[in-house]
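Notes to accompany the following structure.
Throughout, read-outs are computed from the coordinates displayed, never taken from laboratory work. What you are looking at is a predicted structure, and each value in this text was computed from that prediction instead of being measured. Virtual Cβ from ideal backbone geometry, glycine too; neighbours counted across all protein chains shown.
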Amino acid sequence: MAELLNTTDFRAALEDAIKGREAKNASFSKAWANGELSREHLARWAENHYHYVGPFADYLAYIYANAPDTATDAKDFLLQNMYEEEISDVRHTDLLIRFAEACGTTRERVMDIDNATAVTRAFQGWCYAVAFREHFAVATAALVVGLESQVPSIYRRQYPVLIERYGFTEEEAEFFDLHITSDEIHGERGYQIVLDHATTPELQQRCLQLVRHGADMRFAYTKALYDTYVAPDAPVADPEPALA
Amino acid sequence: MPRIRFETADREVTFPEGDEVNLLRVAIRHECGIPFRCASGNCGTDRVRVLHGADQLLPARRRERDRLGELYEQGYRLACQTYVAGDVTVAWDPDQREMEASGKVYDRLRQVWLAKDDTAGSPGSDG
Ligand code: FES
């Protein structure tokens, strides 16, 4: 029977739950950071990524509705996060589409979920299910700590390469620049909410489990992009059949 | 270990050698009280004056430079946009609010609320 962890130990356990599963180490991320992808590969990434991040405000809205009115700090954070995704400035998905268009694809292709892999569709479905069904602290752990808090470490590697090696302009790559910093803060606020509101051993353990699952999902989603779009073009044939 | 001194709060926080840490994230985690709102380089609520160690900060990217304008030349940074690599001391006005709106946010909201296909408030809606 697990015991209630103090704040320091629980935070360390949450950080540990991501370790070894970080999406920055997935094959597609590594190829990106090494400058090995083509604009076509990046276009396919955008066509998939839209279906993960596009509904992010929807996921957060489910969590918001599940949070009791006494959890004012959590509700305010979720609402602020939704507002920033959608209307505080340029809509974040529009920044993603701007990048996609610079890669040579179109808004229509990006928005058409038939252009996403099966793994991407499963990832989106997992996000919806967790947001809808889990305790708000657990869902925050899964989606904000497990997924969103990884973003700065991924994009801090990928953004400079986009400018320097792939030749995108700062404006075309603004989606990444914006998320490097905003998700630092979202991630930190997410940790605070989880630490404050997962107040039983059962909730803490469920948070840890769902952070692991979230990190696994993001890793699998990112790896599937490599398997589907890059491996078939790679000089050495991959002995594994590509995911479709 | 490198040390960030939050002068206004009279607090110091260390971080591991070799790391590059986001200034606002550290301030939030350790409850050092830098005011903030958007975390996106838009509002300017989290501007800080760098008293020492400006050379230990990673260079500002376009978003931050654009928002700060001439304050950037005067030694200000936006905490949410700033990564720290070594010893630094920062201060701020605890009552500071967002910088004068660039107009962008309100234009955007106006577009959303007054969009042609927005039926909110139109006859027949629940109001
Ligand atoms: S919090 Fe708004 S610019 Fe940093």
If you check A:D69 against the conditions, is it assigned to a helix (DSSP H, G or I), of a type in the set (D, E, K, R) and surrounded by fewer than 21 Cβ atoms within 10 Å (Cβ to Cβ)? no
Just to check your reading of the model, which residue among A:A142, A:A129, A:A224 is in a helix (DSSP H, G or I), without any contact (Cβ under 8 Å) to a residue 60 or more places away in the chain and on the phi < 0 side of the Ramachandran plot? A:A129
Members of the stretch B:36-54 found to be assigned to a loop (DSSP other than H, G, I, E, B) and either facing another protein chain (nearest Cβ under 8 Å) or near the ligand (Cβ under 8 Å from one of its atoms) (or both), listed by number: B:F36, B:R37, B:C38, B:A39, B:S40, B:G41, B:N42, B:C43, B:G44, B:T45, B:D46
Can you tell me which residues in the stretch B:1-35 are within 16 Å of the ligand (Cβ to nearest atom) and of a type in the set (F, W, Y)? B:F6
Identify, please: which residue in the stretch B:14-35 is surrounded by fewer than 19 Cβ atoms within 10 Å (Cβ to Cβ) and among the hydrophobic types (A, V, I, L, M, F, W, C) and is, among those, nearest to the other protein chains (Cβ to nearest Cβ)? B:V21
Residues in the stretch B:55-70 that are within 12 Å of the ligand (Cβ to nearest atom) and surrounded by fewer than 16 Cβ atoms within 10 Å (Cβ to Cβ) total 1
Residue count, the stretch B:71-81, condition more than 9 Å from the ligand (Cβ to nearest atom), closer than 23 Å to B:R3 by Cα and either within 9 Å of another protein chain (Cβ to nearest Cβ) or not in a loop (DSSP other than H, G, I, E, B) (or both), comes to 3
Looking at (1) under 17 Å from the mean Cα position of the chain (by Cα); (2) within 14 Å of another protein chain (Cβ to nearest Cβ), which one does A:Q80 not meet, given that it meets all the others? (1)
